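K.L.:
Pasting a structure here, questions to come.
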Amino acid sequence: MYSRAARPLAAAFAAGAAVDSQRRARCEMRTVTCTGNTAHTHDVRKITFQMPQPGRWTAGGPIVNMLVQATPELKRPYNPLSTDENGSFTLLVKRYENAKMGTVLHELPVGGTIEVKGPNQQWTYKQGDVKHFALVAGGTGITPLFQLAQHALANDGAHVTLVTFNKSTSDILLAAELAELQTKYPGRLTVTHVVEGGLETGAISTTTAMLEGAVSTQVVRQGKPSTQLLSELLPCPSNDVKVMVCGRPPMTAAVAGPKNKDFTQGEVGGILKSLGFSKSMVHKV
C-alpha cells in the first residue's frame, strides 16, 4: 500500500529526476528546427529555432549562451536574444567575410536543422546589488547585453544605460526591440548608438517612436570609443554601478582592457580605468 508518509519521498524522487533530466539536456546535443530566418540588417539575420520539447530552456539568466553545431567540426557559442522564450530561441547572426558558421546559418532554410547544447550560464549577480547597469556593446556584442537588459528591467529595479558602437547607421542592431523595452519600462532604459560614419562630424540625432501610446527615444551620434565620449554617456563610478562590455577583442581592450589569454577577466584598463572604474565595477562578457 502507498502510505501518506511515502508521498514526500516520492515527490523528492520525482523532483530529482526532473533536475537530472534538465542537467542531461544541458550536456547533450539536441536537434532543433529552423522556423524563421529573416534579414535584420544588410549582413545580420534573425534566426529562430524550435526546441524538440516545450519549456523555457534558457530560464535562469541573466546571461546565458549555447553551443551551436553545424557539423562535428563546425561549432561555436551564441547568445540567444532572450532568456525567457517558451519552446524556442532566436539568434542574431552576423556573416563576416569567409565566415563558415555565419554562412551556414544565413543560408539555413525554414525546416532545416542544427545541433545545440546548453544553456551555459555566463554571468549572474545578486538581485538588488546593482542600481545602475552600464552596457557597452560593439556590433553583435549587443546580444548578451540585450539579455541582461531584459532581465534587469523585468526582475530588478535597476536603471540601464546602453551604448552601442557600429560602423554606420545601417549597422545599428535591435533598435525596434530596444524601443519596445523603453515603452514597457518608461524612464529606466537610456540608449545611445554611436556610429563611425553616416552622420556629419559631431552630429547628434534623436530617433523618437510612439509605441502603444508610449514614447521611445534613442540617440544616434557620430564617434568612436573615447574617454570624453564615455565620460558623457556612462554613470559615474560607484559600488552599485556595473559596467558590462562586450565586443570584438580590440574594442573590449580599448574600453576595458584586454582579457587574459585564458579568457579570464584580467585587470581593468583602457578608457574605464582612466574614468576611475575598478575591477569590481567592470565585467568583460
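The values are calculated or read from the model by the stated rules, or taken from the named source; none is laboratory data. From a predicted model like this one, the values you see are computed outputs, not experimental measurements. Reconstructed Cβ throughout: ideal geometry from the backbone, glycine too, with neighbour counts over all protein chains shown. All accessible areas refer to the heavy atoms of the entire protein, side chains included, with ligands and DNA or RNA removed. Shrake-Rupley method; radii C 1.70, N 1.55, O 1.52, S 1.80 Å.
K.L.:
Pull out all pairs, ordered by first then second residue, where Cβ-Cβ is under 7 Å, the residues are six or more apart or on different chains, the first lies in the range 195-209 and is closer than 25 Å to E180 by Cα and modelled with pLDDT of 75 or more, and the second is in a loop (DSSP other than H, G, I, E, B) and open to solvent by 70 Å² or more (accessible area, probe 1.4 Å).
P.N.:
If the second residue must be in a loop (DSSP other than H, G, I, E, B) and open to solvent by 70 Å² or more (accessible area, probe 1.4 Å), the pairs left are V195/K167.
K.L.:
Separate question: Would you mind stating whether T227 is modelled with pLDDT of 95 or more, surrounded by 15 or more Cβ atoms within 10 Å (Cβ to Cβ) and of a type outside the set (A, V, I, L, M)?
P.N.:
In short, no.
K.L.:
Same structure, new question: Of everything in the range 151-185 that's closer than 21 Å to I47 by Cβ, among the polar types (S, T, N, Q) and surrounded by fewer than 24 Cβ atoms within 10 Å (Cβ to Cβ), which residue is modelled with the lowest pLDDT?
P.N.:
Here the residue is S170.
K.L.:
I would also like to ask the following. Residues that are more than 30 Å from R188 (Cα to Cα) and either out of contact with any strand residue (DSSP E or B) (no Cβ under 7 Å at 6 or more places or on another chain) or open to solvent by 10 Å² or more (accessible area, probe 1.4 Å) (or both): does the range 117-138 have at least one? Give the steps one after another, and end with the answer.
P.N.:
First, the residues of the range 117-138 that are more than 30 Å from R188 (Cα to Cα): 117-118.
Add one more test, that the residue is either out of contact with any strand residue (DSSP E or B) (no Cβ under 7 Å at 6 or more places or on another chain) or open to solvent by 10 Å² or more (accessible area, probe 1.4 Å) (or both), and what stays is 117.
Yes, the range 117-138 contains at least one residue that is more than 30 Å from R188 (Cα to Cα) and either out of contact with any strand residue (DSSP E or B) (no Cβ under 7 Å at 6 or more places or on another chain) or open to solvent by 10 Å² or more (accessible area, probe 1.4 Å) (or both).
K.L.:
Hey, can you tell me all the residues within the range 254-267 that are in contact with a helix residue (DSSP H, G or I) (Cβ under 8 Å, 6 or more places away or on another chain) and open to solvent by less than 20 Å² (accessible area, probe 1.4 Å)? Show your work before the answer.
P.N.:
So in the range 254-267, the residues in contact with a helix residue (DSSP H, G or I) (Cβ under 8 Å, 6 or more places away or on another chain) come out as 254-259, 265, 267.
If the condition is that a residue be in contact with a helix residue (DSSP H, G or I) (Cβ under 8 Å, 6 or more places away or on another chain) and open to solvent by less than 20 Å² (accessible area, probe 1.4 Å), then V255, A256, G257 are the ones that fit.
K.L.:
Among (1) farther than 15 Å from G61 by Cβ; (2) in contact with a strand residue (DSSP E or B) (Cβ under 9 Å, 6 or more places away or on another chain), which single condition is N98 missing?
P.N.:
Of the numbered conditions (1) farther than 15 Å from G61 by Cβ; (2) in contact with a strand residue (DSSP E or B) (Cβ under 9 Å, 6 or more places away or on another chain), the odd one out for N98 is (2).
K.L.:
Are there any pairs with C-beta distances below 6 angstrom linking a residue in the range 175-188 that is under 17 Å from A137 (Cα atoms) to a residue that is surrounded by fewer than 17 Cβ atoms within 10 Å (Cβ to Cβ), with the two at least 6 apart or on different chains, and if so which?
P.N.:
Cβ pairs passing all conditions: A179/A209; A179/L211.
K.L.:
Of the residues that make up the range 116-129, is at least one assigned to a helix (DSSP H, G or I) and in contact (Cβ under 8 Å) with a residue 12 or more places away in the chain? Walk me through it before giving the result.
P.N.:
At the first step, the residues of the range 116-129 found to be assigned to a helix (DSSP H, G or I) are none.
Looking for residues that are assigned to a helix (DSSP H, G or I) and in contact (Cβ under 8 Å) with a residue 12 or more places away in the chain, one finds none in the range 116-129, hence no.
K.L.:
For the subset of the range 211-224 comprising residues that are among the charged types (D, E, K, R) and open to solvent by 50 Å² or more (accessible area, probe 1.4 Å), which member is modelled with the highest pLDDT?
P.N.:
Restricting attention to the range 211-224, the residues satisfying the condition of being among the charged types (D, E, K, R) are 212, 221, 224.
This time we only want the ones that are open to solvent by 50 Å² or more (accessible area, probe 1.4 Å), so: 212, 224.
Numbers: E212: 53, K224: 94.
Taking the candidates together, the pick is K224.
K.L.:
Could you please find all residues in the range 234-253 being surrounded by fewer than 20 Cβ atoms within 10 Å (Cβ to Cβ) and under 16 Å from F277 (Cα atoms)?
P.N.:
Initially, the range 234-253 is screened for residues surrounded by fewer than 20 Cβ atoms within 10 Å (Cβ to Cβ), giving 235-240, 248-250, 253.
P235, C236, P237, S238, N239, D240, A253 - these are the residues of the range 234-253 that are surrounded by fewer than 20 Cβ atoms within 10 Å (Cβ to Cβ) and under 16 Å from F277 (Cα atoms).
K.L.:
Go through the residues of the range 105-128 one by one and say whether even a single one is hydroxyl-bearing (S, T, Y) and in contact with a helix residue (DSSP H, G or I) (Cβ under 7 Å, 6 or more places away or on another chain).
P.N.:
Start the filter on the range 105-128 by keeping residues that are hydroxyl-bearing (S, T, Y), which leaves 113, 124-125.
Still in the list and also in contact with a helix residue (DSSP H, G or I) (Cβ under 7 Å, 6 or more places away or on another chain): none.
No, the range 105-128 contains no residue that is hydroxyl-bearing (S, T, Y) and in contact with a helix residue (DSSP H, G or I) (Cβ under 7 Å, 6 or more places away or on another chain).
K.L.:
Quick check: anything in the range 82-92 of a type in the set (F, W, Y) and at pLDDT 95 or above?
P.N.:
Going residue by residue through the range 82-92, those that are of a type in the set (F, W, Y) are 89.
Filter once more, so that each one left must be at pLDDT 95 or above: none.
No, the range 82-92 contains no residue that is of a type in the set (F, W, Y) and at pLDDT 95 or above.
K.L.:
Which condition does A59 not pass, out of (1) modelled with pLDDT of 90 or more; (2) within 20 Å of the chain's Cα centre (by Cα); (3) surrounded by 13 or more Cβ atoms within 10 Å (Cβ to Cβ), if it passes all the others?
P.N.:
Failing condition for A59: (1).
K.L.:
Give me a count of the residues in the range 100-133 that are touching a Lys or Arg at 6+ places or on another chain (Cβ under 7 Å) and of a type in the set (A, V, I, L, M).
P.N.:
3
K.L.:
Please find, within the range 156-173, the residue that is nearest to the chain's Cα centre (by Cα) out of those that are in contact (Cβ under 8 Å) with a residue 60 or more places away in the chain and part of a helix (DSSP H, G or I).
P.N.:
Filtering the range 156-173 for residues that are in contact (Cβ under 8 Å) with a residue 60 or more places away in the chain and part of a helix (DSSP H, G or I), the one nearest to the chain's Cα centre (by Cα) comes out as D171.
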